[in-house]
1. Does GLY155 satisfy the condition of being at pLDDT below 75 and within 14 Å of the chain's Cα centre (by Cα)?
2. Being under 23 Å from GLY78 (Cα atoms) and open to solvent by 50 Å² or more (accessible area, probe 1.4 Å) is true for just one of ARG106, ARG138. Which residue is that?
3. Could you tell me which residue of the stretch 51-93 is surrounded by the most Cβ atoms within 10 Å (Cβ to Cβ), considering only residues that are hydroxyl-bearing (Ser, Thr, Tyr) and part of a helix (DSSP H, G or I)?
4. Kindly provide the set of residues from the stretch 109-133 that are surrounded by 14 or more Cβ atoms within 10 Å (Cβ to Cβ) and among the charged types (D, E, K, R), ordered by number.
5. Please go through the stretch 32-48 and give me each residue that is open to solvent by 60 Å² or more (accessible area, probe 1.4 Å) and among the aliphatic types (A, V, I, L, M), ordered by number.
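The values are calculated or read from the model by the stated rules, or taken from the named source; none is laboratory data. Because the structure is predicted, anything quoted here is derived from the model rather than measured. Backbone-built Cβ (ideal geometry, glycine too); neighbour counts: all protein chains shown. When the accessible area is computed, the model is the full protein with side chains, heavy atoms only, and any ligands, DNA or RNA have been set aside. Shrake-Rupley method; radii C 1.70, N 1.55, O 1.52, S 1.80 Å.
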Amino acid sequence: MEPVPVNEEGTAPGEQTIQTTLALEGGGADIAQARHLAVRFLARVQAEHGLPVSQRAVDLTQLVVSELVTNARKYAPGPVLMDLRITGDMVEVVVWDSDAALPVARAADAGRVGQHGLEIVMAVAQGFEAQREPVGKRITARLALLDDPGGAIAGRSPL
């Protein structure tokens, strides 16, 4: 099988990119606004583009959006950008903020109160990436649009 060339957006030539972007300025409603956008975006993906999206994908996308936007608002000064895009049978949640420090998942600790957001994202996402940018960083989490037909819990396989 030969590789398919992709453009800067990561799509094959002629493949339609389905994407939406939200700029967040630091208001108290940022997280709710981002979650609502995620639900509307996935509903549009189904209605306008005919792509199947499971309820589990909608729920997990909202969870990942909440965790990533919360972390960006909490740890980075300035604006936050969130992109949602469909790549094949995945939804990508991409959050950019102005802090160049890459997040590090902490060891599991049942006694720790809070600071479990990154652990949660990594547990439910099929893919996770953190990259430094010329200004700040970009965090990307990829989630399957459909549940696993075999009934397995979606997310990363344990090591």
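1. yes
2. Working: ARG106 fails: under 23 Å from GLY78 (Cα atoms).
Matching residue, one of ARG106, ARG138: ARG138.
3. Here the residue is THR61.
4. GLU119
5. ALA47
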